[in-house]
Amino acid sequence: MKKNIKIDRPADCCGCGACANSCARGAITMQEDAAGFIFPMVDEEKCVECGRCIESCVFTKPGAGAGEKPAVYAAVIKDKAVLKNSSSGGIFSALAAAVLDKGGAVFGAAWTKDMSLAHICVENKADLAKLRGSKYVQSATGDAFLQVKKLLAAGRYVCYCGTPCQIAGLKAFLGKEEEKLLTIDLVCHGVPSMKMLRDDLKFVAGDQYGALCDIKFRDKSRGWGVKGSLMTGDSKIKYTAGTSPYYFYFLKGEVYRESCYNCRFPTENRQGDITLGDYWGVRLALAAKLDGADPEEGISCVLVNSPKGKQWLKEIAPAIALAPSDLQSVRKRNKQLTSPSVPLPEHETLLNGYLKDGYTAFCRGYKQHTKDHMVRMAKDMIPAKVKRRLNELR
């Protein structure tokens, strides 16, 4: 029997890259399939069948969760400039800054020069801006796990932020608990492929595609919500479910990789020391306990899952406003805390259409959702403050 990683079913690989990082001979590379999803490919000539790739796979061994029932909070950073450029309450930035203050390094997803998404290492606060904001696509981890291992071996503090499967992959790769490693997992719905996003950007941006310099899936200039913008050197292009088939299908949960519908990690036993997400549907009475925080500017839900997480939350206490909450309240609008996304009937049709006809399949299906687009347009006309007041009546 071959002792190297082999993916028989797409649902059995999350693309975290732990296997590729674990191979000392560089025999494994992460490559795109026809739909753009990344999977490990083994160079048999380089492989010595040591089995390390299998040992590091999160689908072949039990996940190493943080191990405690989470303490739950609503939270917001006090720095208004950072809050404005964060997707929700800016708590990641507070934690990342605290690690940097100790001479540490921070890993997170950032747009590259060619507008792909990859995990990078940041060692100064000025570059933290690259890591802020939601990115609704899978990030390539590259050799980030190897970089983390080297930094930890050198005695440095490290903060690693990613999806639950990426955190599980990092832990499996390291093989032991690291005292100076702070892990932050996100409330994750699922991830489409970079190829799908790239096709969509070309469709939405048109002849301005080559000038794109930033993508904001969550642009707060129009309030806290799910409306984005594509940035060029001198202009901004609206990027929402009303302009983008990709964005529309992402919110519907139709275009994720197969492992997202087979996710092992939406449980109370979270992968990260701290879990971060949007506190959708936060009650005004709870928001009022956050030193006058305005819900229109974004509020985070924070799950503290380990003693290490508690210590780091204490570390950033002066920089944030914090109010105790409960898991039941947070779960109401964050179902992926307890169960994976469910593929709707349209998922298979969309994927097969994309494999056959490319991006035109997305556009073709998108046009058939006239009623959905009209309902969304009507909802978008209601001011966010009114929506939140109506939520109080539920």
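The values are calculated or read from the model by the stated rules, or taken from the named source; none is laboratory data. As the structure is a computational prediction, the values presented were derived from the model and not from experiment. FYI the Cβ positions are ideal-geometry reconstructions off the backbone, even for glycines, and counts take in every protein chain you see.
Residue-by-condition table, conditions (1) surrounded by 18 or more Cβ atoms within 10 Å (Cβ to Cβ); (2) out of contact with any Leu (no Cβ under 8 Å at 6 or more places or on another chain); (3) touching a residue at least 12 places away in the same chain (Cβ under 8 Å):
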{"position": "Lys135", "(1), (2), (3)": "yes, no, yes"}
{"position": "Leu146", "(1), (2), (3)": "no, yes, yes"}
{"position": "Gly162", "(1), (2), (3)": "yes, no, yes"}
{"position": "Lys176", "(1), (2), (3)": "no, yes, no"}
{"position": "Asp200", "(1), (2), (3)": "yes, yes, yes"}
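Taken over the range 138-186, the criterion of being among the β-branched types (Val, Ile, Thr) and within 30 Å of Val255 (Cα to Cα) is satisfied by Thr141, Thr163, Ile167, Thr183, Ile184.
From the list Ile320, Ile299, Ile215, pick out the single residue that is under 30 Å from Thr349 (Cα atoms), at pLDDT 95 or above and in contact with a strand residue (DSSP E or B) (Cβ under 9 Å, 6 or more places away or on another chain). Spell out the reasoning first.
Details: Ile320 fails: under 30 Å from Thr349 (Cα atoms); Ile299 fails: under 30 Å from Thr349 (Cα atoms).
One residue alone meets the criteria, Ile215.
Considering the range 188-213, the residues that are part of a loop (DSSP other than H, G, I, E, B) and of a type outside the set (A, V, I, L, M) include one that is farthest from Cys263 (Cα to Cα), namely Cys213. Of the residues making up the range 268-289, those that are in a loop (DSSP other than H, G, I, E, B) and surrounded by fewer than 23 Cβ atoms within 10 Å (Cβ to Cβ) are Glu268, Asn269, Trp280, Gly281, Arg283, Ala288, Lys289.
Scanning the range 39-53 for residues that are touching a helix residue (DSSP H, G or I) at 6+ places or on another chain (Cβ under 8 Å) and not hydrophobic (A, V, I, L, M, F, W, C) turns up Pro40, Arg52. Inside the range 173-206, residues that are farther than 20 Å from Thr275 by Cβ and aliphatic (A, V, I, L, M) make up a count of 6.
Considering only residues in the range 348-369 that are part of a helix (DSSP H, G or I), of a type in the set (Ser, Thr, Tyr) and in contact with a helix residue (DSSP H, G or I) (Cβ under 6 Å, 6 or more places away or on another chain), the one that is nearest to Ala35 (Cα to Cα) turns out to be Tyr354. Exactly one condition in (1) of a type outside the set (A, V, I, L, M); (2) more than 21 Å from the chain's Cα centre (by Cα); (3) under 30 Å from Arg9 (Cβ atoms); (4) surrounded by fewer than 17 Cβ atoms within 10 Å (Cβ to Cβ) is false for Lys335; which is it? For Lys335, the failing item is (2).
Can you give me the number of residues within the range 270-296 that are acidic (Asp, Glu) and modelled with pLDDT of 95 or more?
Narrowing the range 270-296 to residues acidic (Asp, Glu): 273, 278, 291, 294, 296.
Of the ones still in play, those that are also modelled with pLDDT of 95 or more are 273, 278.
Qualifying residue count for the region: 2.
Of all residues in the range 245-267, count the ones that are small (Gly, Ala, Ser) and surrounded by fewer than 22 Cβ atoms within 10 Å (Cβ to Cβ).
Of the residues in the range 245-267, the ones small (Gly, Ala, Ser) are 253, 259.
Remaining after also requiring surrounded by fewer than 22 Cβ atoms within 10 Å (Cβ to Cβ): 253.
Summing the residues that are small (Gly, Ala, Ser) and surrounded by fewer than 22 Cβ atoms within 10 Å (Cβ to Cβ) in the range 245-267 gives 1.
Just need a number here: residues in the range 187-212 that are modelled with pLDDT of 95 or more, within 15 Å of Glu254 (Cβ to Cβ) and not charged (D, E, K, R). Counting residues in the range 187-212 that are modelled with pLDDT of 95 or more, within 15 Å of Glu254 (Cβ to Cβ) and not charged (D, E, K, R) gives 6.
When you check Ile184 against the structure, is it assigned to a strand (DSSP E or B), in contact with a Lys or Arg (Cβ under 8 Å, 6 or more places away or on another chain) and either touching a residue at least 40 places away in the same chain (Cβ under 8 Å) or at positive phi (or both), yes or no?
no
Only one of the numbered conditions (1) aliphatic (A, V, I, L, M); (2) modelled with pLDDT of 95 or more; (3) out of contact with any Pro (no Cβ under 6 Å at 6 or more places or on another chain); (4) surrounded by 15 or more Cβ atoms within 10 Å (Cβ to Cβ) is not met by Ala34, and that is (4).
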